[in-house]
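Data block below; observations after.
None of the figures in this text is laboratory data; all of them are computed from the coordinates on show. All figures in this text were calculated on a predicted structure; none of them were measured in a lab. All Cβ positions, glycine included, derive from the backbone under ideal geometry; neighbour counts span all protein chains shown.
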Amino acid sequence: MQNRLLGIHMIVQNEEQYLPRCLDSFKQAGLEWFITDTGSSDQTPEIARTYGATVLHARWEDDFAKARNISLPLATTEWILCLDADEYVIEGLEELMTVLPGVHKSITGLRITIENQYGEGPEDKILSHPVRLFRAHHGYRYTGRIHEQLICQVTTGQSSDITPNQSTRETYAEWDSPQASTAKELADVYIDINADEEVEPIAPLRLGHDGYLATMIAKGDKPKRNLRLIERELADHPAQPFHLYNLGVTRCQLGDLEQAAEAFGGSLKLSELQAPYRATLVKDLAKVLAALERYEEAHMLLTAECHHYPAYADLHLIYGEILERQGLEERAYRAYARASTCGSRQDDQVRASGGKAITEPYVTEAGSGSYRAYTSMARLAQKRGFEQEAVRLYELALEHLPTYRTAWMGLADVLQQQAISDEQITDRLLHLANQFNETLGTDCADKMNQLCPSLEKKTGPGRMQLKIQMQMQIIYALAGCGAYKHALHLLRGETSNVHIPAGDQLHWLLCAGQVTDAWHLAEDCWGERDRERRERTCSSSISVTGAQDDPYPSPRVEERSDWALACWASGRRLSSSFLAKSPAAERDMWKVADRLLIGHTPSVAAFTPVQEVPDGQLLQWSEHAQWAAKQMVTRAIQSGQLVIAKQLYERLARIMSERDRTEMAIRRSYAGLLYRHGYTMMAAEMLIQCMTEGELDAEGLFWLGETLYAKGHLEQALSLFEQALEREPEFSQARAGAAVCYLQLALDLIVQEQKRSPEASVLAAQQIVLEQQLRTADGIPWRTVYHAKERRNHYAGTSASETAESDAANLPVHDREG
Amino acid sequence: MLPSCLESVRGAVDEIIVVDTGSSDRSKAIAQEHGAMVVDFTWCDDFAAARNAGLERASGDWILFLDADEALEATAREQIRSWTAVSGCDGLFLNIHNYTGSGQQGATVNPVLRLFRNAPEHRFKGRIHEQIAAAICERNPEAAFHITDMVIHHYGYQTVVVERKDKVNRNLRLLQQAVVEEPEQPFHHYNLGVEYLRVGEAEQALDSFGKARKMIDPAVTSYAHLLLKYEVRCLEHLQRWQEALGLVDAALELFPEYTDLIHHRAICADALGDPEAAEKSLREAIRQGPPPAIFHTEEGMGTYQTWYTLGRLLEGKADLEGAVDAYVEAVRAKSSLLPPLYRIFRMMRVSGQERQISSVVKSRFSMHSEEALTKVLGILEQCHCYDAALELLEQMPSGSSGEQREKRSVAEAILHVQRGDWSTARLKLETVKRKKGSLAPMAARWLERLQWLDGKEEQETSGQDEVTLWLKKGSHTGEGREITSDAEPGLAGRWKAVAEARDRGVIRNEARLEGTTASDYGGLYDGWQALGLMLEGCVQSGRWQDLHGLIHRGRQLLVEVDSTTERRLEQENSQGEQVEREITDAKGGWFREPFSGASDTPAGTSWLVKGLVRAADCHLAQLVSDREQMEPGKRQRHSYWPVIQRIRLELPGADGFEG
């Protein structure tokens, strides 16, 4: 028995991958289906038929609207819903079916909510509210070759010319542009049909769309096709701001950002203030300009435009990002704060109201008005030393999205900055997660649906999912801030069903000093043991992220480094399976390193060395091998295996032929590696040695200066900065450091004088101004940025360096927790 | 103050009556010398009673009353008779211009009833802020008052004068008394609030104003608008911006034409982080202009003050052109105003447009006199726009007398010193020295300093300049270095400091005997200022090492002064009253100043701070211009140059408000 209420209409071409999911999600039996196939070469039409759809065949004439319009007159239902094959229902279908019959007859069009997933994380989505639902046989039809627009040809004979105020519902396929952020936009805009610009009410239906996730799309064709169509449109209707806008979007998708900016700019000049797509246009233009590093233009654009859209959180958020780039941190903070007040009211309104209208249906990136804004504010607060405030803001962000990894990581980081013990950090994070678990209560299942739309299977009650998700974030947050032991402990906990990739686990084990466990894990995953054993151990700890074909891929370069380090740290040589799994270009390097470290014992011929190179001779390695060697040393430092790192670095450096390596030069560049990873005191000691023995280069001088500055020795720091500038006048960080030192010195002088003559009011006024300017100067990015796990290493080292100095052949750092 | 007050009314009035409430100085004599009748009155904490005593003796038809720290303006003198002759009113309002602070902030203008018909019923009421209007209206309910444009200048609240007379404390005392006696009188609370605000007690002022506000009806109370404005200012002072904004909006509903409120609205909006609204309000205030005469206003509201504030706001927006326009308007509204010039020059220097300064000055400002030009030169120097100053100087006609030419040469030389072009400076100074005019000694001193800086110390050994000697001492002896903050604490260290200082002082004494310091320009470009100018020169020429050396030396000296002062104070305390004061300036004791003014540590700190800030500014400037040289035609700046420009515009420096 046919349901007379609602019919689904879509056009397809080679969509066999998504079509089942789409059709499945509309579980309602007996909905009318019209699927217009414009020339599939795969199983699409057959699949459609198995679901009981009416399949129409049409010839593709480079005209989306024409194709869509074919099925519209054939509807026998009251309402029509237009879809794309890569969309599916998240929630609200039942509600919609109960609500629809009661919709007043004057309302002929309804909006729905679409979540466009563009990234892997649950927060990587953009929300739009296009009109997709309309009454059949009321004059609705589509127009436009591409970005086809829904218009209503009313019987009063109004012309249905395409005016600039119309908009589109075309959604975009994915592109590969690595310029990322800007390109992930959706031009799914809303329709404005009535002359007096009333906005259609919103229906409770929520769809998901992930047609352009990188992992799920065939690359490149759709944008190129779109480009062709748009250019045709522009040829027919030149200087149409709407087409120009869409041209810009397509250019983004193809990665031509300069041209995208031009197109957007052109569109902005021509578009009317009331144009419904204008807000999104401004946002897209701002993002493209930012990606092109044209910050001043973006700044001016947003200064002018933020007024027009005070409730558009995305604009304020981007404005904040640009201001931050320009060093204007206080203004950036205010911009983020404005974004946060826009809130997720759209979202709430939409869900809570059902049939109520919303006034500003912006295309917005999820969280722009809530957790993203809070997280940005927290980051700035933390930078300025307002740690308590930062904690509060991160927690606020998490209230809105308890699985937001950025916020968890930030929270752990700032807690570490406050010198809270790892134990307490862990407790605090778990406690917070528990709170979320409780407060979310019964509508948790809904929340989970929104949070992880890509999770097709619900392997348990929603609450459980949430708990697991949060645990995973907490584990990563703990590891991220350097609390490896606790992260691992949590991972091995009784209730944990969290899946963490082996590579990550390996690294954490190494960092935590549990080298024997690390070695076992590595060998289990990649070594030559029997498959069974591997399947047993690995399946519980490896999660497959995407690649379906090879469940046990070769280790990536960092994982190789970790594996090797695990071997060496537990006193073992590299196994043959290790060498087998490394690319040929690197094998020599590994062998040599292996020999250098474990000693020159000629036995233990587990493998046949291809090249026997005595130490005295210089090695000629390919670039790749050298790079891999550098990676390895870096990795060693990152995992805290300093002894190994130092030995390797020095020995390798001596025998590599690339550069003229004096002792001092070796020490200097090693110190550089240490410094960048937070071992500042250790590095400083080495740098001082270098300085006393000879000349230190500008970078080294700067680092020393920075360490002194951090300890408050302004005059010495200043002297070092200026010495660095003598060698390298363009060294901006040193120059900024010098300027800040001068200001600080001036401030100190004033403070001293205030003690002597408290009535000098002129000096008091200057003091206030100087303090303010020093705060503003925090916005200049001259300091080396350290995160929690590097901060831990600042004072590490006196004991470690002793060990390094005193070591002979006693290389391995034995795993006490073995 | 009394003489100028009495002078100002000579000829304008027929009779002068001075009520003396118990002066111990020559006030009575002065009054009599000016032909005034002196009435003695025992002070009883009641201003009204005192004035009334004078009124009793008045024989004229009209009465003008003034305070001793006021003066009638010249034009008013001529007009006063005509006004009183034609006016059928019972009272006339004049405008009082109150000068506060240094005088650069302008004046507040109040219309006040100061001229009224002489009648037995017309007597003052009120212990403080005595009023006459009430009595006039009592006698004649139909009484009418005229508002004239005659001006009275009131200097009594200028900082120095206030301190001398301790006026404020007296007022406070009287008002507190009045409030206790008549707690229902809003006027007392209001006046009390005003006094509190004057001394910066914003909380208490707010309290008083709040009480007053509750008691009045804003529609009929003449000072209601002022009360609200002051309340707003209290809230601003306490940084309670949201409340301030709320109050301003409420007040504007009652008094939409009161420009001062609109100006303050802008201030609040800006503080709350809404510069757009602030700009709107400022432009609105300008559009409305100064408020109608019935309002008590601050001079410049709706004109130059508002323009200046707008300029600062536009600077914050990085709209430098708009800012310049605003500043020009400010000067147009009040030609004696200097702070806008400071901002313009700083802005242009910071944005790399120093070369255009002289043309901007010529095109947008008209300077008719040499005096004006000299002032502008001074400002350019203070804003560190040396090239522009030199350019302007060149265009000045060369002086007629030798002395003028020498002055100019010296001025140029000092500019070159600050620019870091010491060789040019030396050339000019040599010329001046050779002429052996009155400026020759100063030139000689500077030549010594420059020699020392250049490291050519051996050439002239006649060494008379104190500063150079002091510098030499520091670089020769290693002991000087011990006198730092890391120095050994306690007595031992201090004794060392003292001993060294004494040595230095001895040299100074010798210098005193030989040299001639008695020139008109003895203090100019000397002492700490000389050090400051040398610092500037080092910064501009990139001699960082020398800069550090000079700063170090300066800091040493500050510490020396400090430690010997402490020593002397200790000594004083232990010896009771018996302290021998040596014949040196300032701190005395056995500390001989290495150069005159050395013990003025605030000044010293100030100059050192200036040097340090300039060094920072120099580095920041290079950060911004760094990349421009790399690829000509393609300007690639750091993305964070806006924050750098912001800092450079806001760093402490000369801004024209220093007294």
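Observations
- Extent of the stretch B:362-448 along its three principal axes (Cα atoms, max minus min coordinate, largest first): 40, 29, 15 Å.
- Just so you know, the Cα atoms of the stretch A:645-786 work out to an Rg and Dmax of 18.8, 68 Å.
- Separation of alpha-carbon centers, the stretch B:347-416 and the stretch A:10-40, rounded to whole Å: 81 Å
- Calculated FRET value between A:E95 and A:S576, using beta carbons and R₀ = 60 Å, to 0.05: 0.45
- In order along the stretch A:17-23, the Karplus-derived 3J(HN,Hα) couplings, from 6.51 cos²θ - 1.76 cosθ + 1.60 at θ = phi - 60°, round to 5, 9, 3, x, 4, 4, 5 Hz, and Gly and Pro are given as x.
- Note on the stretch B:1-89: Cα-Cα pairs beyond 20 Å make up 36% of the total pair count.
- Of the GluC sites (Glu not before Pro) found in the stretch A:221-328, those in coil by DSSP whose Cβ has at most 16 other Cβ atoms within 10 Å are A:E272, A:E293.
- Fewest neighbouring Cβ atoms within 10 Å first, the residues B:V112, A:V131 line up as B:V112, A:V131.
- In the stretch B:367-464, the trypsin sites (Lys or Arg not before Pro) that fall in loop regions by DSSP, at most 15 other Cβ within 10 Å: B:K436, B:K456
- Pairs from A:K269/B:K317; B:K407/B:K433; A:K125/A:K283; B:K436/B:K473; B:K28/B:K125 whose Cα-Cα separation, in the structure shown, is over 20 Å: A:K269/B:K317; B:K436/B:K473; B:K28/B:K125
- Largest to smallest principal axis extent of the C-alpha atoms in the stretch A:619-720, angstrom: 45, 29, 20
- Trypsin sites (Lys or Arg not before Pro) restricted to DSSP loop in the stretch A:69-155 with at most 12 other C-beta within 10 Å: A:K105
- Couplings 3J(HN,Hα) for the stretch B:426-434, derived from phi with the Karplus relation 6.51 cos²θ - 1.76 cosθ + 1.60 (θ = phi - 60°), are 5, 4, 5, 5, 4, 4, 5, 5, 4 Hz, where x marks Gly and Pro.
- Positive-end residue of B:Q382, B:L313, B:F345, charge dipole of the stretch B:291-405 with Cβ unit charges: B:L313
- Among the listed pairs B:K435/B:K472; B:K334/B:K428; A:K105/A:K224, those beyond 30 Å (Cα-Cα): B:K334/B:K428; A:K105/A:K224
- 20 °C / 1.002 mPa s Stokes-Einstein diffusion coefficient of the stretch A:50-143, Kirkwood radius on C-alpha pairs, µm²/s: 138 µm²/s
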